[in-house]
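Taking it in order: structure first as structure tokens, then the write-up.
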Amino acid sequence: MPGEAWIAAEAIAKQRQQPVDFADPSDRELVLSWLYNRLVRFQEKTQRYAARLDVGWDDDADERTGPAALARVLAAPDLFDPALQLPAVEEREQRLAWTAASYSEASAYGVLLDRFDWDARELAGHLLIVVGTLRRRLLRASTVVKRQPSLFDGVECIARDFVPTVRARRC
């Protein structure tokens, strides 16, 4: 507050083109009134004109106007709701839990499919193969992993940030 008083006194002195005399009661009143206007009166102006979301929230009047409409506009989409995101994250972790125990081609494809949101067309495009070839490779990899586990199962795991090497196309 004392710092604000000195700033106010400086602003008043510039405006009047003479210094503020703190011994003079009228100058002290002028500084105090300037401080009141700056720190109290105009500070509350934003709150005075702000929309109140808590008033009329339970009215069944018009849903298109008033606080209900403003609250609907300000609300974040369900995509950002942590309570709705948690089951999706847990399901994703469950889907990929088997990849931690297996060091196989099938688990590598599982990691890649998860990275491409389980969209086979996107993954096939990234690997520069057709979707049919990708499906055959997935089927072959799952058959092999069921019949013959890898020597590295339980010893190594495929990292979630695994990136396959892509060969350049020959023309």
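Since every read-out is calculated from the coordinates, none of them should be taken as a lab result. Please read these numbers as outputs of a predicted model, since none were measured by experiment.
Between A120 and R28, what length comes free when the chain is fully extended (0.36 nm per residue of separation minus the Cα-Cα distance, one decimal in nm)?
25.4 nm
Once the Cα gyration tensor of the stretch 1-43 is found, what semi-axes does its equivalent ellipsoid get, as square roots of 5 times the eigenvalues, in whole Å, sorted largest first?
Sorted largest first and rounded, they come to 17, 11, 9 Å.
Which ³J(HN,Hα) values in Hz, rounded to whole numbers, follow from the phi angles of the stretch 124-133 under the Karplus curve 6.51 cos²θ - 1.76 cosθ + 1.60, where θ = phi - 60° and Gly and Pro get x?
4, x, 5, 7, 6, 10, 7, 4, x, 5
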